[in-house]
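A short reminder: the numbers here are calculations on the coordinates, not readings from a lab. None of the values given here were measured: they were computed from a predicted structure. Backbone-built Cβ (ideal geometry, glycine too); neighbour counts: all protein chains shown.
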Amino acid sequence: MPASFPSQRAQILADLNGFRVEVDPGRERADIILDRPPLNVIEMEQRDQLRLVFEELDHDDRVRVIVLRAEGEHFSSGGNIAGFLAAAPEHVSRLADNIAAPARCHKPVVAQNRGYTFGVGFEISLACDFRICSETTLYALPEQRIGQIPGSGGSIRLLHMIGIQRTKDMTFRSRRVPGRQALDWGIVLDCVPDDQLEATVDAFVDELRGFSPLAQRTIKGVLNAAQNTTLEAGIEIEGNAYGRLRTSEDFKEGVEAFHGKRKPEFRGK
């Protein structure tokens with residue numbers, strides 16, 4: 001009789017490496033918190049764990065919105081360089097798959113950045129749906145300083161956000177971009193004084209929770225798919241998704257609430 005296929009998920013998640021997870025069912029929110037201050041360096045094993053945590057939270061009915069944040073005055077100075085040298089080339093070439101977990105997650109994901117947000121710390125923030133930063137934030141892809149390039153999708157995500165000239169400026173020169181400039185360039189949604197960062201993110205999360213989770217999941221999938229295709233194909237993707245939502249309970253509730261002049265109670269169905 002063939003042996004059963006063992007799952008390694010529970011084993012990998014048994015002892016989280018350099019971060020923790022907090023779930024608040026009352027606020028329908030989960031926080032993934034980098035917790036290796038002062039610089040919150042991200043280890044190789046931690047990347048695998050972060051991916052699995054995002055996947056687990058994606059299926060957690062208690063959670064509507066996920067916030068990625070960090071302890072201390074710096075979000076993350078990046079990855080552990082020694083870990084790159086020890087890892088097999090095949091493993092290193094697939095690093096972007098782990099860091100893309102926030103983008104694959106069907107729920108809204110918000111990155112809360114302050115201080116150094118470098119290397120993989122910047123890359124995983126770029127994979128989130130929204131970035132809100134404090135005025136202390138510095139964004140950078142510093143890999144050129146060690147004779148390397150970004151390897152977890154950061155340069156390509158930036159290319160789509162800010163264009164080739166500014167992306168080359170950041171990557172060729174390992175340039176550090178302050179939070180206010182990142183706002184001007186469209187990298188972040190908002191840049192606020194440091195003492196207002198938590199309150200700003202809290203209010204934004206609560207606002208997101210007021211909308212249909214089904215509609216949010218749908219528009220996230222539409223936009224992620226359409227950004228890499230033609231205008232015509234994107235409109236087709238949008239139209240098909242719109243048609244499917246017409247039969248949803250959330251759409252029916254939204255229409256009835258609108259006509260009844262009351263607040264809708266969305267259930268995500």
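So, R0 is 30 Å and r is the distance between the beta-carbons of residue 145 and residue 33; what FRET efficiency does that work out to, to 0.05? Don't skip to the end; give the middle numbers.
On the way: r = 28 Å, r/R0 = 0.93.
Efficiency for this residue pair is about 0.60.
Order these by the 10 Å Cβ neighbour count, fewest first: 173, 262.
With the sparsest Cβ surroundings first, the list reads 262, 173.
Hey, how many Å between the Cα centroid of the range 216-250 and the Cα centroid of the range 140-186?
Computed from Cα coordinates, the inter-centre distance equals 29 Å.
Using the alpha-carbon atoms, what tilt in degrees (0 to 90, nearest 10) does helix 213-226 show relative to the longest principal axis of the chain?
Between helix and principal axis, roughly 50 degrees.
I'd like to know how the range 67-220 sits against the 2.2 N^0.38 Å rule of thumb: what's its Cα Rg over that expected value?
Normalised Rg, Cα atoms only: 1.04.
Take the Cα gyration tensor of the range 213-260, multiply each eigenvalue by 5, square-root it, and list the three semi-axes largest first, rounded to whole angstrom.
The answer is 25, 10, 8 Å, longest axis first.
Starting with the fewest neighbours, write out 55, 123, 22 ranked by other beta-carbon atoms found within 10 Å of each beta-carbon.
With the sparsest Cβ surroundings first, the list reads 22, 55, 123.
Okay, helix-only estimate at 222 nm for the chain: each DSSP H run of n ≥ 4 adds -39500 (n - 2.57), divide by all residues, round to 500 deg cm²/dmol; what do you get?
Helices in the chain give a 222 nm mean residue ellipticity of -13500 deg cm²/dmol.
Let me know the shape class of the range 153-257, please: from the alpha-carbon gyration tensor, a ≥ b ≥ c as square roots of the eigenvalues, rounded when a/c is under 1.5, otherwise prolate if a/b is greater than b/c, or oblate.
oblate
With an 8 Å cut-off on Cα pairs and a minimum separation of 6 or more residues, tell me the relative contact order of the range 9-208 in percent.
18 percent
Determine the principal axes of the Cα atoms in the range 25-138, then give the extent along each, sorted from largest to smallest and rounded to whole angstroms.
43, 33, 20 Å, listed from the longest principal axis down.
If I take R0 = 25 Å and measure r between the Cβ atoms of residue 262 and residue 242 in this structure, what FRET efficiency does the formula 1/(1 + (r/R0)^6) give, to the nearest 0.05?
Given R0 = 25 Å and the Cβ-Cβ separation, E is 0.55.
Between residue 196 and residue 174, what FRET efficiency follows from the Cβ-Cβ distance if R0 is 22 Å, with the result rounded to 0.05?
Calculated transfer efficiency: 0.15.
Give 107/263; 107/261; 107/168 a once-over and call out the pairs whose C-alpha atoms are over 26 Å from each other.
Checking Cα-Cα distances, 107/261; 107/168 exceed 26 Å.
Taking every eigenvalue of the Cα gyration tensor of the chain, multiplying by 5 and rooting it, what semi-axes result, largest first, whole Å?
Over the Cα atoms of the chain, the semi-axes work out to 31, 23, 20 Å.
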